[in-house]
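Just so you know, all these numbers are worked out from the coordinates, no wet-lab data involved. Since this is a predicted model, take the numbers as computed values, not measurements. Methodologically, a virtual Cβ is constructed for each residue, glycine included, from the backbone with ideal geometry; neighbour enumeration extends over all protein chains shown.
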Amino acid sequence: MVETYIYRGKTIEQLKAMSNEELAKIANSDVRRILKNGFSKEEKILLTKIAKRAKAKKTIRTHIREMLILPNFVGLTFGVHNGKEFVPVEIKPQMVFHRLGEYSLTTKQVKHGMPGLRATRSSGFVPIK
């Protein structure tokens, strides 16, 4: 059984067929505000780039982390800049109406090791294994 993604009673195909005004009616408040006020200059350039490269199935590299993920982005791969490199993000239906930057972390998880001998004053008295 194949599970289909449904957002507020609409399938992803129905969401792709909707205009921005219709999407704003079913979205939450922050998405509604973005769709009603329109996109910024950089976001509009990204949208035209997406329209050109969607057919070629190429990775679309971008620095615009605050770009809203729209239903027609599903299936595309974005290279989202995290400050150091472009992290590949494949857009899935569950990511719709989130931001691109949410899936490209800017910091690594901190992993602390064991204390070394004489790392601090008290570690001089740690028994050697």
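Could you work out the relative contact order of region 6-104, using alpha carbon pairs under 8 angstrom and six or more residues apart, expressed as a whole percent?
22 percent
Between Lys58 and Glu85, what is 0.36 nm times their sequence separation minus the Cα-Cα distance? Round to one decimal in nm.
Length gained, Lys58 through Glu85: 8.0 nm.
Report for region 6-104 the percent antiparallel among DSSP-assigned beta bridges with both residues inside it, nearest 5.
Counting only bridges with both partners in region 6-104, antiparallel ones make up about 75 percent.
If you stretched the chain out fully between Asn20 and Lys41, how much longer would it get, using 0.36 nm times the residue separation minus the C-alpha to C-alpha distance?
That works out to 5.9 nm of additional length.
Which angle between 0 and 90 degrees, to the nearest 10, do you get for helix 41-53 versus the longest principal axis of the chain when only C-alpha atoms count?
80 degrees
In region 6-104, if every C-alpha pair distance is counted and binned at 10 Å from zero, what percent goes to each bin?
15, 50, 32, 3
How much mean residue ellipticity at 222 nm does the chain get from its helices, if each DSSP H run of length 4 or more adds -39500 (n - 2.57) and you divide by all residues, to the nearest 500 deg cm²/dmol?
When only DSSP H runs of four or more count, the value is -7500 deg cm²/dmol.
Taking the Cα centre of region 6-104 as the origin, how large is its charge dipole in debye, to the nearest 20, when only Lys and Arg (+1) and Asp and Glu (-1) carry charge on their Cβ atoms?
About 280 debye.
Pairs Lys55/Lys92; Lys16/Lys92; Lys10/Lys92; Lys52/Lys84; Lys44/Lys108: which are spaced more than 19 Å apart, C-alpha to C-alpha?
Lys52/Lys84; Lys44/Lys108
Hey, with R₀ at 22 Å, roughly what FRET efficiency would Glu13 and Thr77 work out to, going by the Cβ-Cβ distance, to 0.05?
After rounding, the FRET efficiency stands at 0.65.
For Lys58, which aspartates and glutamates qualify as cross-link partners when the Cα separation must be under 19 Å and same-chain residues fewer than eight apart are set aside?
Once the sequence-local aspartates and glutamates are set aside, what remains near Lys58 is Glu43, Glu85, Glu90.
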